[in-house]
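Here the structure comes first, spelled out in structure tokens, and everything after it is commentary.
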Amino acid sequence: MHGSERRVLLLLAILVPSLVASTVSAGDWVHWRGPDRDGTADATGLPAAWTPGGEGMLWRADFVSRSTPVVGEGRVCVNGREGDGIERREVAACFDAFTGERLWIQGWPVYHTTVPWNRVGWPNPAYDPETGYLYVQGVGGLFFCFDSRDGTVVWSRNFIEEYGFMEGYGGRTQTPVVDGDRVVVTFASSGWGSEARPLHRFRVFDKRTGELLMVATPGGSMADKNTQSTPAIARVGDRRLWIHGNADGGIYAVDTETGETVWSYGLSKRGINTSVVVDGHVVYAAHSEENRDEGTMGRIVAIDARGSGDVTATHEIWRSPLAAGFSSPALAGGRLYLLDNSANLHALDAATGRHIWELDVGRVGKSSPVVADGRIYVTEVNGVFAIVEPGETEGRILDSDELSMPEGRYAEMYGSPAVAYGRVYFTTEEGLYALGVGDLPTEPGASPRLDLPRPGAAPAGTAPAHLRLEPVEGRLQPGGSVELELLAFDAVGRSLPAPAVEWSLEGLTGTIEGGVFTASSGGGSSAGRVVARAGELEAEARFRVLADLPLEEDFEGVEVGSRPSTMVGYVGRWAVAERDGGKVLEKGPSPIKIHRHITFLGSPDWHDYTIQADLLGTRTSRRVPDVGLIANGYTMELLGVHQKLQVRSWPSALRMAQEVELPWEADVWYTMKMRVDVEEDRAVIRGKVWPRDDEEPAEWTITVEDPMPIREGSPGLSGFSPTPIYWDNIRVTRNQP
């Protein structure tokens, strides 16, 4: 916000206590961009220089990470990776902010993802000072809510198996945002039903329970499925907004109460990886790809956030040519500071966009600068930690240190610094560091933080303009029930008493009475929506009703060109077709030449089961496919080019992958059977394949043990299809001793 507006709000916060939403520890750094989400900290006495292993370095802890730390209640919490070989895993941990002692660490297997090992640990965590909870999104779509005091898992979600989270080799993964009683995550997804189309979506969860409260889809067709723009929270006029960079290259403002897209600004031809900074009604956004309106690369813009609709041509305040594709701006003293892709630090006038100075701090810029105590703290990929003095006409490096790995190469640094308790914290590939000088506090204090309160109630007699149901999505078993809350809002997101509505079910069987949906106790699995209508207004909630095992599917009851309604993930790549006198499930070549996909058929909390299916791969010229099954997080595939049977969990790293020679023919039906047993300290994966018309062999073709077991996961299908592949007669059963 502008300086005058900030002073007014601070005065109001003193005079009107209700404007102060919460009290957090003095100097906490609960969001990766700081307490005001603008890359600044109100701190003094910070170091102007330091020496690795010497003066100014308070402590170092062993930890490998690309993320920015968050700090709360005396704890420094980070996301990262650890282990070698088959024991490689993603981890979250918290350390004592004053001593560096590790308080706890929690790890989980990485699977269902092509993200390579060296890009694990990229997403930044988020800390909630009200509950002490820590929110971490893994590169493979696992999302955790930890109690930061002891590392207990409060709740978790599997974004891939529940919502069709689209992971990718790039590894860029979203940072969650705590917003009042909610935690907000955005990511590209291709789910089920109306969410089958791949788009960048907001998902809003109850921060205490993990219940999905809202889904918003502000953008269009995606240019990238891996982006890492974190939503900013702003109050502009009468509306409260989430503002973020989308995978379609646009900047979008979404109403925080209704999920409605308020305005959009077309910026880039590729996805946005930077986060915006908001100052009052001005939004600052940057990127480094080709601009939409001309063939130049990169730009930083200032946008007037008081518009509606497409504001690209109407609400741009200024623009400046600058290729900063990963660094989010820091805003301090009327200036914007950000790092371009070549690690040049830039200072711009925030009011006009005028370029003031530029300073070379390294070679590759990925992190975002932090301004505190009259200095700029910034990291660079090639192991450089720099402290800069931002002068009126030029910047000056006060100190620059290079950190290296034990073998001598530089230690990669992607995360940004965090400032708390008079200290500067940052992560590297080589360790977690704390810097500080002088007589520092040994306990966190308490100070008020200004929040942006959610809109109150609309004036009496105001007509509703939006309806919404909570929860907005879920899954339940036949006979299960869920109580839905109907919420009503006016045109600017203020709450209203819920109107009388007419309830209906679409694609679901059961009853809906008084807002309680009860699924039919018979009829197997289904998927659809509960609809509430009041005149022209409508709200929906989506549910998958999943019958318990056994699961059987021969596709005879599914319309050709469609697919089972409960399938999740890239469902547009699968469709029922007719072949060999019956209906089968087909996966054809991708028009964009990305032929490998996975999809899921059941519940992510199933475990210890066996999946069996008939499958067939075709040959087109020299092109041959891979085709297989998924069980409990593990994948088993017939590899066409290599003529092998492979079991794996992590496609890019092949962490526990094993394979056996198994010649197989195209255009021949085979039966594949895969069993996973999860024990206390291992998982045992067994598989066999035989021609469909032959007797099942008594012995397993392959047996693999995983000492770091994946404990649960939905059954699914996996295939690489440069030429068509098919499945039929799928059966999933609980394991018997």
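The values are calculated or read from the model by the stated rules, or taken from the named source; none is laboratory data. Because the structure is predicted, anything quoted here is derived from the model rather than measured. Counting neighbours? That spans all protein chains shown, and the Cβs are built from the backbone with ideal geometry, glycine included.
Laid out as a table, the results:
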| quantity | calculated |
| --- | --- |
| Unmet criterion (only one of (1) more than 29 Å from the chain's Cα centre (by Cα); (2) buried (at least 21 other Cβ atoms within 10 Å of the Cβ); (3) in a loop (DSSP other than H, G, I, E, B)) for Leu638 | (3) |
| Failed item in (1) surrounded by fewer than 19 Cβ atoms within 10 Å (Cβ to Cβ); (2) modelled with pLDDT under 95, with Gly479 passing the rest | (2) |
| Verdict on Glu290 being farther than 23 Å from Pro123 by Cβ, not in a loop (DSSP other than H, G, I, E, B) and not hydrophobic (A, V, I, L, M, F, W, C) | yes |
| Neighbours by Cβ (under 6 Å, 6+ apart or cross-chain): first from the range 542-554, of a type in the set (Asp, Glu); second modelled with pLDDT of 95 or more | Glu552/Arg731; Glu553/Ile730; Asp554/Asn729 |
| In the range 391-409, the residues that are in a strand (DSSP E or B) and touching a Gly at 6+ places or on another chain (Cβ under 8 Å) | Glu402, Ser404 |
| Complete set of residues in the range 340-379 that are in contact with a Lys or Arg (Cβ under 7 Å, 6 or more places away or on another chain), surrounded by 20 or more Cβ atoms within 10 Å (Cβ to Cβ) and assigned to a strand (DSSP E or B) | Ala347, Leu348 |
| In the range 409-435, the residues that are over 18 Å from Pro369 (Cα atoms) and in contact (Cβ under 8 Å) with a residue 12 or more places away in the chain | Tyr410, Ala411, Tyr421, Glu429, Glu430, Gly431 |
| Filtered residues of the range 70-95 (kept if within 18 Å of Leu142 (Cα to Cα) and in a strand (DSSP E or B)) | Cys77, Val78, Asn79, Gly80, Arg81, Glu82, Arg89, Glu90, Val91, Ala92, Ala93 |
| Asp548, sole failed condition from (1) touching a strand residue (DSSP E or B) at 6+ places or on another chain (Cβ under 6 Å); (2) in a loop (DSSP other than H, G, I, E, B); (3) among the charged types (D, E, K, R) | (1) |
| Residue selected from the range 88-103 under the condition within 20 Å of Trp122 (Cβ to Cβ) and out of contact with any Asp or Glu (no Cβ under 8 Å at 6 or more places or on another chain), by the criterion surrounded by the fewest Cβ atoms within 10 Å (Cβ to Cβ) | Ala93 |
| Qualifying position, being surrounded by fewer than 24 Cβ atoms within 10 Å (Cβ to Cβ), acidic (Asp, Glu), under 18 Å from Gly493 (Cα atoms) and more than 23 Å from the chain's Cα centre (by Cα), among Asp238, Asp293 | Asp238 |
| Test for Glu55: is it assigned by TED's automatic domain parsing to the domain that holds Thr131, touching a Pro at 6+ places or on another chain (Cβ under 9 Å) and surrounded by fewer than 16 Cβ atoms within 10 Å (Cβ to Cβ) | yes |
| Long-range neighbours under 6 Å by Cβ, at least six apart or interchain, first residue within 21 Å of Leu432 (Cβ to Cβ) within the range 394-408, second exposed (fewer than 14 other Cβ atoms within 10 Å of the Cβ) and modelled with pLDDT of 95 or more | Asp399/Ala49 |
| Verdict on Arg203 being assigned to a strand (DSSP E or B), among the charged types (D, E, K, R) and out of contact with any Asp or Glu (no Cβ under 8 Å at 6 or more places or on another chain) | yes |
| Number of positions in the range 663-692 that are surrounded by 14 or more Cβ atoms within 10 Å (Cβ to Cβ), of a type in the set (Lys, Arg) and assigned to a loop (DSSP other than H, G, I, E, B) | 1 |
| Among (1) touching a residue at least 60 places away in the same chain (Cβ under 8 Å); (2) crowded, with 21+ Cβ neighbours inside 10 Å; (3) on the phi > 0 side of the Ramachandran plot - the single one Gly180 does not satisfy | (2) |
| Filter result for Glu712 (assigned to a loop (DSSP other than H, G, I, E, B), farther than 19 Å from Leu639 by Cα, assigned by TED's automatic domain parsing to the domain that holds Gln643 and touching a Pro at 6+ places or on another chain (Cβ under 9 Å)) | yes |
| Within the range 17-62, tally of residues that are of a type in the set (Val, Ile, Thr), modelled with pLDDT of 90 or more and touching a strand residue (DSSP E or B) at 6+ places or on another chain (Cβ under 7 Å) | 3 |
| Qualifying residue in the range 410-418 (condition: part of a loop (DSSP other than H, G, I, E, B) and over 28 Å from the mean Cα position of the chain (by Cα)) | no |
| Only one of Ala223, Ala247 that is touching a His at 6+ places or on another chain (Cβ under 6 Å) and outside the structural domain of Val472 (by TED's automatic domain parsing) | Ala247 |
| Of all residues in the range 514-557 being surrounded by fewer than 17 Cβ atoms within 10 Å (Cβ to Cβ) and hydrophobic (A, V, I, L, M, F, W, C), the one that is farthest from Leu487 (Cα to Cα) | Val516 |
| Sole residue being in contact (Cβ under 8 Å) with a residue 12 or more places away in the chain, closer than 30 Å to Val647 by Cα and either surrounded by 19 or more Cβ atoms within 10 Å (Cβ to Cβ) or under 18 Å from the mean Cα position of the chain (by Cα) (or both), chosen from Gly72, Gly107 | Gly107 |
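Table: residues versus (1) hydroxyl-bearing (Ser, Thr, Tyr); (2) in contact with a Phe, Trp or Tyr (Cβ under 9 Å, 6 or more places away or on another chain).
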{"site": "Ser268", "(1), (2)": "yes, no"}
{"site": "Gly271", "(1), (2)": "no, no"}
{"site": "Asn291", "(1), (2)": "no, no"}
{"site": "Ile303", "(1), (2)": "no, yes"}
